[in-house]
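Colleague: Quick one: structure below, then a few questions.
Just so it is clear, none of the values below were taken in a lab; they were calculated from the coordinates. The shown structure was predicted, so the numbers you read here are calculated from the model rather than taken from an experiment. Positions of Cβ are backbone-derived with ideal geometry, glycine not excepted, and every protein chain shown enters the neighbour counts.
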């Protein structure tokens, strides 16, 4: 099954939501990140919530490392928080392998199984929980 790769830039909250569904592959996730960076509303100071809860990661350990290195290069900015949302042990282990990349100097990746934890990591008040979940639901197919 092919993957779904979508994003939403929430200027008022200074956060970018990346949403993935089905298969997650190296080239497609890179293409999504390039689309985000090319978006006229993109702001390099914004934090990220990356929703992996409905994905099957189809990337090798080497691809996870290469993607991490590539993201670090593309998002050259200081103190960016990225919350990886997961829902099962396989996603957690893949996200943890990704997070352990030694090349992340300015990117604070953390793995969460709850939206509350993710919001806290990207410095958003919990009063935004329902709004964020509704926005993610709009991205689902």
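Colleague: Which order do 39, 125, 51, 23 fall in if you start with the one that has the fewest other Cβ atoms within 10 Å? Intermediate results must be reported in sequence, preceding the final value.
Modeller: Working: 39 12, 125 9, 51 24, 23 15.
Fewest to most other Cβ atoms nearby, the residues stand as 125, 39, 23, 51.
Colleague: Points 7 angstrom from Cα along the Cβ direction at residue 79 and residue 110: gap in nanometres?
Modeller: Computed distance between label sites residue 79 and residue 110 equals 1.5 nm.
Colleague: When a footprinting reagent is the concern and you count Cβ atoms within 10 Å, what order do 20, 121 take, fewest first?
Modeller: On the way: 20 25, 121 20.
Listed from fewest to most nearby Cβ atoms, that is 121, 20.
Colleague: Tell me, in nm to one decimal, what length is gained between residue 44 and residue 131 on full extension, where the rule is 0.36 nm per residue of separation less the Cα-Cα distance? The partial results should precede the final answer.
Modeller: Working: separation 87, 0.36 × 87 = 31.32 nm, distance 2.24 nm.
Fully extending the segment from residue 44 to residue 131 adds 29.1 nm.
Colleague: Evaluate the relative contact order of segment 1-91 (contact order divided by residue number), counting alpha-carbon pairs under 8 angstrom at least 6 apart; express in whole percent.
Modeller: In percent, rounded to a whole number, it is 31.
Colleague: What is the fewest-to-most order of 19, 26, 131, 46 by other Cβ atoms lying within 10 Å of their Cβ? Walk me through the numbers before you get to the answer.
Modeller: On the way: 19 25, 26 16, 131 13, 46 19.
Taking fewest neighbouring Cβ atoms as first place, the list is 131, 26, 46, 19.
Colleague: Can I ask one more? On full extension of the chain, what length is gained from residue 31 through residue 66, given 0.36 nm per residue of separation minus the C-alpha to C-alpha distance?
Modeller: Between residue 31 and residue 66, full extension yields an extra 11.2 nm.
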